[in-house]
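What follows is a set of notes on a single structure, which appears directly below.
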Amino acid sequence: MQLKPIVLNVLFFVSFLIVSCQEKKTLPFLGPKETRVSAGKVDTIYHQIPAFRFLNQDSVWVSDQDMAGKIYIADFFFTSCPTICPKMKTQLLRIYDRYASNDAVRILSHSIDPAFDTPSVLNQYAKRLHVKAPRWNMLTGDKAAIYKLGEKSYMVTAQEDKNEAGGFVHSGAFILVDKNRHVRGIYDGTQEVEVNHLIEDIEILLQEK
Amino acid sequence: MKNILAIGLIVLFASCQSKEEILYQQYVVEGRSIYEKNCSNCHQSDGSGLRDLYPPLAKTDLWKRVSQEQLVCIIKQGQKGNSQVNGKPYAGYMPANAKLEAIDMAELVTFMQDQWGNKKVYSFDEAKAALKNCR
């Protein structure tokens, strides 16, 4: 059978379209943007997670600098939480196991009950989940600093409504952060299908230079 | 016409089952939703638990080690401390379920037994008595 040239052309064009659409799949930059003019050029400054420093389950300091060049997922929880946290941890384990041999992907779980969740409590918790730093850091520290970081820096979409301060750090969200500490996605960490999307998006980020 | 047929079939089917059997099925269905709401977060829907953090309820020595009365009290009061499950120590914290009443307990325990223990109904009267005796 011989295809007419016109049919071939259409086929070629369609497949070209499909390919070029796939190549363009990128993730948005979430949070407030600024534009700055320097030397006659306009630069967009994207929202960036500010410097931070907390203790992890091994009583080791973990800071923003340790995350340089890493993609990470941030969440907020506490070890004695009976409701959504176990679901979130079940989902995070999927990610942890999936990227077991990929050092470019990290998890930062911040305790919102740091008075109770001391490094040694977090250590027990992490051990019982069979997870280790630095691939999965469980963080504790100054409560006000953790809440401020959560509400002002990570929960950028939630924060758009200024009247709804508070509460969001306890919403079960997973926040996807890129290699330059820009927030690129927020997902419901209690829902398996949402976490499937998160995994797809991690794959996209891993392709970014 | 179709409707009449369907109703006829249902009546036939229902009358084949004993009253007890129907009650059992009802308890299992209700019990599953209580379990999903209050327990599956930690123990997982299939009762497999979560690593060494939350113990399994399926395939464990629980069903030999603990009586139904004790089970009801564990669920009602929660637990903190040192259970040995399949010889492995767990030291986590399980919240109390003070809101579950006798009928809920009967349904929940019947569901759990159906899934992981012996397939027997746990009656409302037994649950009521057990709840009273929790210390």
B:Pro89 fails exactly one of (1) within 14 Å of chain A (Cβ to nearest Cβ); (2) outside any strand (DSSP E or B), namely (2)
Of all residues being open to solvent by 60 Å² or more (accessible area, probe 1.4 Å) and more than 14 Å from chain A (Cβ to nearest Cβ) in region B:33-62, which is farthest from B:Asp125 (Cα to Cα)? Just the residue, please. B:Lys59
Restrict the check to region A:150-173 and report whether at least one residue is modelled with pLDDT of 95 or more and among the β-branched types (Val, Ile, Thr). no
Determine which single condition A:Ala100 fails, assuming it passes every other condition in (1) surrounded by 14 or more Cβ atoms within 10 Å (Cβ to Cβ); (2) within 17 Å of A:Ile199 (Cβ to Cβ). (1)
Counting just the residues of region A:132-142 that are open to solvent by 10 Å² or more (accessible area, probe 1.4 Å) and under 20 Å from A:Tyr99 (Cβ atoms), which one comes out nearest to the other protein chains (Cβ to nearest Cβ)? A:Lys132
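Residues are listed down the side, and each one gets a yes or a no for (1) in contact (Cβ under 8 Å) with a residue 40 or more places away in the chain; (2) closer than 24 Å to A:Leu30 by Cα; (3) within 14 Å of another protein chain (Cβ to nearest Cβ):
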position: A:Ile49; (1), (2), (3): yes, yes, no
position: A:Trp61; (1), (2), (3): no, no, no
position: A:Thr79; (1), (2), (3): yes, no, yes
position: A:Thr83; (1), (2), (3): no, no, yes
position: A:Arg94; (1), (2), (3): yes, no, yes
position: A:Asp103; (1), (2), (3): no, no, no
Within region A:48-78, count every residue that is of a type outside the set (D, E, K, R) and open to solvent by less than 30 Å² (accessible area, probe 1.4 Å). 14
Pull up region B:63-81, narrow it to residues that are surrounded by fewer than 16 Cβ atoms within 10 Å (Cβ to Cβ) and within 13 Å of chain A (Cβ to nearest Cβ), then point me to the one that is nearest to B:Glu126 (Cα to Cα). B:Gly78
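The values are calculated or read from the model by the stated rules, or taken from the named source; none is laboratory data. Please read all numbers here as calculations on a predicted model, not as lab measurements. No Cβ is skipped: glycine too gets one built from the backbone with ideal geometry, and neighbour counts run over all protein chains shown. Please note that ligands, DNA and RNA were not included when accessible areas were found on the heavy atoms of the full protein model with its side chains. Shrake-Rupley method; radii C 1.70, N 1.55, O 1.52, S 1.80 Å.
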